[in-house]
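Heads up, the thing below is written out as structure tokens.
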Amino acid sequence: MAAVHTVTVVHTIAELRARIKTFRRSSEQTVGFVPTMGYLHEGHASLLKKACAQSGLVVLSIFVNPLQFGPNEDFERYPRNPERDLAVAEAAGADLVFMPSVEEMYPQPIRTTVSVSGVTERLCGASRPGHFDGVATVVSKLLHIVQPDQAFFGMKDAQQVAVIEQMVQDLNLDVEIVRCPTLREEDGLAMSSRNVYLTQDEREQALVLSQALNKAEAYIAKQAVISSKALVDLVSSHIRTAPLADIDYVEALTYPTLQPFETSPLSDTIVIAVAVKFGKTRLIDNLITQVRK
Ligand SMILES: Nc1ncnc2c1ncn2[C@@H]1O[C@H](COP(=O)(O)OP(=O)(O)OP(=O)(O)O)[C@@H](O)[C@H]1O
Ligand SMILES: CC(C)(CO)[C@@H](O)C(=O)[O-]
Ligand code: BAL
């Protein structure tokens, strides 16, 4: 159970560190950390609940990180609702909510960044240049500030999890990365803060993403040999049945190494990852599955 029962909001790195230090001095229990960009939904709450079940102190960060947005992306209009976020955080059991300003996180000029190679070459790494440098830099800073025992990340952002795991391994960070399943709306759409941008028509047509991934799963269950091209064709052609869908990528890769394969992947696990624009809104989703039983 959480050690502190009402949520405490902290805006500075110094105060957050002091509060975590006080907790560490008085408790043998672990610190769990959930980094987010806010506009919390049930997917975020599921990460917090998992953290609460495993940790004595749960720290949530809410920070829309300018470093991971490209110049033509949605940093300015990214949805924000701090009051509602605090209510969701409290209901899900968070103890400390860290809401720093951009100046607190990045006193100018930015001199040091973190860049992970390999797993960032494809998917969002290719279509959002610089995105994962921004993610790795902010997550590295947050992990150094919070020094959690465990940090919880959603598998909706499967490439992000691969990048963070690689960074933690390469920089010998003393934290366990906990992979958390994707929460979906009743009709299958993966929960995402950006879903709020969708018009009614776009929201309806966005269902093709989870439908296409379900088709891929059914196909894989029937095949002795998995063909990457067949998977990509199957998923892409279903997505194209939605007139408003504009495909950014559909790829089948090994996971978490994110390498292409033709038929029999060397890894036991693969990801079929999609990024599709509906109007101005870019949504991602994926299916991670075992190919060797
Ligand atoms: N549907 C979901 N189920 C489980 N975890 C999720 C879900 N959506 C996001 N998360 C996780 O919550 C954490 C914070 O993500 P973030 O604040 O970017 O939310 P988001 O809904 O993914 O937003 P965006 O719309 O910007 O992609 C990440 O680890 C992310 O993977
Ligand atoms: C991990 C993260 C909070 C870093 O800004 C962000 O990329 C997100 O919300 O997934
Ligand atoms: N959840 C990923 C954050 C981003 O799209 O920038």
Just ARG128, ARG19, ARG77 to compare: in a GNM of the chain, with alpha carbon springs under 10 Å, which one fluctuates most?
-> ARG77
Which residue fluctuates the most in the chain, going by a Gaussian network model with Cα springs under 10 Å, if the choices are ALA224, ALA136, ALA275?
-> ALA224
Cα-centred dipole magnitude for the stretch 8-180, charges only on beta-carbon of K, R (+1) and D, E (-1), debye, nearest 20 = 160 debye
Per-residue ellipticity at 222 nm attributable to helices in the chain (runs of n ≥ 4 DSSP H, -39500 (n - 2.57) apiece, nearest 500 deg cm²/dmol) works out to -11500 deg cm²/dmol
Starting from the Cα of LYS222, draw a straight line to each of the aspartates and glutamates and keep only those under 18 Å, dropping any in the same chain fewer than 8 residues away.
-> ASP233, GLU262, ASP268
Which whole-number percent gives the relative contact order of the chain, counting Cα pairs below 8 Å spaced six or more residues apart?
-> 17 percent
For VAL114, enumerate residues with amide H under 5 Å from its amide H, sequence gap 5+ or separate chain, H modeled in the peptide plane.
-> THR137
From the cross-link list LYS50/LYS277; LYS141/LYS277; LYS21/LYS50; LYS156/LYS215; LYS21/LYS141, which pairs have alpha carbons spaced over 20 Å apart?
-> LYS50/LYS277; LYS141/LYS277; LYS21/LYS50
Toy charge model, Lys and Arg Cβ at +1, Asp and Glu Cβ at -1: the stretch 193-286 dipole around Cα centroid in debye, rounded to 20, equals 140 debye
Between the residues THR263, VAL291, ALA245, the Cα farthest towards the positive end of the dipole of the stretch 223-291, that dipole coming from +1 and -1 charges on the beta-carbon of Lys, Arg, Asp and Glu, is from ALA245
What FRET efficiency comes out for the pair THR113/ARG184, r = Cβ-Cβ distance, R0 = 41 Å, nearest 0.05?
-> 0.75
May I ask what percent, to the nearest 5, of DSSP beta bridges between residues of the chain are antiparallel?
-> 50 percent
Total formal charge among the other residues, if their Cβ is under 13 angstrom from that of ILE20, Lys/Arg +1 and Asp/Glu -1 | +2
With Cα springs under 10 Å, the Gaussian network model of the chain assigns the largest mean-square fluctuation among GLN223, GLN160, GLN211 to GLN223
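Values in this text are rule-based calculations from the coordinates and carry no lab data. For clarity, every value in this text was computed on a predicted model and none was experimentally measured. With ideal geometry, Cβ positions are generated from the backbone for all residues, glycine too; neighbour counts draw on all protein chains shown.
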